[in-house]
Amino acid sequence: MTLPAYWWLLALVIVVQGAFFVQFFILRMRRKGVQPVARPAQVVLAVSCLAGLAYAVVQRDPVLFVGQVCLMILYFLLQRKSNDQRT
């Protein structure tokens, strides 16, 4: 079995997004609320989402593309809810 083209891009996406959401859910379980995310973490997650979209386009994978779009929407809604609670 050979690795697909641009496998390193997919590995980057999996590692960054996995680490982000593990941290997110651990903090949420401890504090029972949505915690604000630091600006550098937001940038890293956005870059990871864009890398996932790029990989999906290169590989012509509609399922991964839709998954990345759903992730971006979910993250945006969570951040909006967090910002609304602070004001």
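The values are calculated or read from the model by the stated rules, or taken from the named source; none is laboratory data. Note that the coordinates shown come from a computational prediction; the quantities given were computed from them, not determined experimentally. Cβ atoms come from the backbone with ideal geometry, glycine included; neighbour counts cover every protein chain shown.
Exactly one residue among 71, 45, 53, 3 is exposed (fewer than 14 other Cβ atoms within 10 Å of the Cβ) and either hydrophobic (A, V, I, L, M, F, W, C) or at pLDDT 85 or above (or both), and that residue is 3. Restricting the search to the stretch 12-27, which residues are surrounded by 13 or more Cβ atoms within 10 Å (Cβ to Cβ) and over 15 Å from residue 44 (Cβ atoms)? Correct list: 27 only.
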